[in-house]
Amino acid sequence: MTTPPSLRIAPGTPLTGPVTPPGAKSGTVRALLCGTLAAGTTTIVGAGSGDNIRAMAEACRRLGGRIEEVDARTWRVHGVDHRLPERADLDAGNSGIVLRLLTALGAAMEHTSVGTRFPESLGRRGNHELIDALREFGADAEGRGAEACPPLVVGRGPGLHGGTVRVSGRRSSQFLSGLLFLAPLVGEDVLIQVSDELSSTPMVATTVDALARSGVRVEVASDWLSYRIDGGQRYQAATHTIASDASSVAGILAAAAAVPGSRVTVSGFQGNDLGTAAMIKALGEMGVRIEQAGEELVCHGADRVLPIELDGSACPDSILPMAALACFASGTSVFSNVETLRYKECDRISDFCHELAAAGVRVEERRDAIIIHGTGEVPGGAEVFGHHDHSVIMAMAAVALRSRDGLTLRGWESVGQTYRGFFDDLRTLGADIAGTD
């Protein structure tokens, strides 16, 4: 087996200058799929370009969409007007949202398989909640094992139909998002009911907004547990303006805040994302000074980090970088209501806590929480692993930058799932980062 490449991240160098993080994966992949299903040409402004976004773009091409990259952040999608191929074999990359959206869409086709080239990461993520719901729609659907891990195989079965469908949202809101994308293709009224709880309301709001921009109206109950989609609606061409990627912005802000004396300007910031707003508010409560003017955020290195107790359901994609910063607080921080982190590219609770402990942090995990017992400093001087997960990688980079002896980060290249240029940008800002391979 090939050893993953490593980076040596040295501590202490203040970060200064401008940086432009990519557009959100969550918004970009939804816009790509909306544009593919629509008639006419859809424009995506502020698009991201990470590996998972490119996996969705390639899948959309296989579904018949024609996609042009006008420039680094602007894409055009020429759609198929609901005329999908009868059969398709699709690769979801290492993205849960890409996997779930494509799998649900497969119920409108004769036969669709959705797999992954990452058996040790996405290949371990269960999808039985989505498979069960698709069967309620009348589709044929199956996955590997009791948990329905990829590859997933779906087809419309003897008769795709509308009516009431139930789905669990406790483990991931992505199952619901997939069903919402499928509903307009059914041709009949659809009522989707969440049978328990919803792990991430902001991500479902992103789905509902993307559909609305593309001409699909979803009636949402006040408690976000019931969704009605009238039959006869069709996807329409639109312009989608993508928010800045919350996890990428969190990664840069945590890195800047970690080193006293830093002053980093996040340029091109589009803050039309509920998770990003909640993350910026939480960082302020941790003592990080962030100034916002239009499309710029200016983040200053924090001389003193304050502990925090945070309900992480409002900003789940930003929790790990904030938890990394909390390692340097004098006191205990609790990031609660984040069980959904266990079902990402890795188990972002257990795996992340393991790497923090390796770096010298006193940390506890709960089923749905991360508890950091900060002492004001982290020894570092260890090798840690990124677990094929961009959020773990960016968080451990922030730990390295403020630790006493730095860290060697193995498997860093998976940061490209969302933010390909993350370490290049850190170097440009002044970080001392060297490859060990």
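Derivation of every value follows stated rules applied to the coordinates shown; laboratory data play no part. Keep in mind that what you see is a predicted model, and the values were worked out from it rather than measured. Counting neighbours? That spans all protein chains shown, and the Cβs are built from the backbone with ideal geometry, glycine included.
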Could you check which residue among R61, R348, R30 shows the biggest mean-square fluctuation in a GNM of the chain with a 10 Å Cα cutoff? R61
Nearest 10 degrees, 0 to 90: helix 201-213 Cα axis against the chain principal axis: 50 degrees
Could you check what % of the DSSP bridge pairs in the chain are antiparallel, to the nearest 5? 65 percent
Taking a ≥ b ≥ c as the square roots of the eigenvalues of the Cα gyration tensor, with a/c under 1.5 meaning rounded and otherwise prolate when a/b exceeds b/c and oblate if not, region 344-437 is oblate
Based on the Cα coordinates of the chain, what is the per residue volume of their convex hull in Å³? 123 Å³
For region 294-375, alpha-carbon Rg and Dmax in angstrom: 12.9, 40
Test of understanding: what is the full-extension gain from A369 to D189, defined as 0.36 nm times their sequence separation minus their Cα-Cα distance? 60.9 nm
L179: net charge of surrounding residues, Cβ under 13 Å, Lys/Arg +1, Asp/Glu -1, itself excluded? +1
In region 97-232, taking the dipole from +1 charges on Lys and Arg beta carbons and -1 charges on Asp and Glu beta carbons about the Cα centre, the listed residue (L176, S121, Y227) farthest towards the positive end is S121
Could you size up the charge dipole of the chain around its Cα centre, putting +1 on the beta carbon of Lys and Arg and -1 on that of Asp and Glu, and report it in debye to the nearest 20? 380 debye
Average projected area of the Cα convex hull of region 99-175, in nm²? 4.8 nm²
R0 of 35 Å, Cβ-Cβ distance V220-R263: FRET efficiency to nearest 0.05: 0.30
Share, in percent, of DSSP beta bridges within region 25-241 that are antiparallel, nearest 5: 60 percent
What residue among S113, S172, S226 shows peak mean-square fluctuation when the chain is described by a Gaussian network model with Cα springs under 10 Å? S226
R0 = 22 Å: FRET efficiency of R289 with E309, Cβ-based, nearest 0.05? 0.60
Does anyone have the angle between helix 51-62 and the longest principal axis of the chain? Alpha-carbon axes, 0 to 90°, nearest 10? 20 degrees
Rounded to the nearest 10, the angle in degrees between the Cα long axis of helix 350-359 and the longest principal axis of the Cα atoms of the chain comes to 20 degrees
Projected-area mean, region 390-432, by convex hull of Cα positions, square nanometres: 2.9 nm²
What distance in nm separates the simple spin-label points at V298 and R117, each placed 7 Å from Cα in the Cβ direction? 4.3 nm
Equivalent ellipsoid semi-axes, region 56-215, via Cα gyration tensor eigenvalues times 5, rooted, Å: 22, 19, 17
Within region 371-415, GluC sites (Glu not before Pro) in DSSP loop having at most 15 other beta-carbon neighbours inside 10 Å: E377
Final fewest-first order of R100, R263 on the 10 Å Cβ neighbour count is R263, R100
Which value at 222 nm does the chain reach when only helices count, each DSSP H run of 4 or more adding -39,500 (n - 2.57), with the total divided by all residues and rounded to the nearest 500 deg cm²/dmol? -9500 deg cm²/dmol
Gain in length, D432 to D81, computed as 0.36 nm per residue apart minus the alpha-carbon separation, to one decimal in nm? 121.4 nm
If the chain between E68 and E383 were fully extended at 0.36 nm per residue, the gain over the current Cα-Cα distance would be 109.3 nm
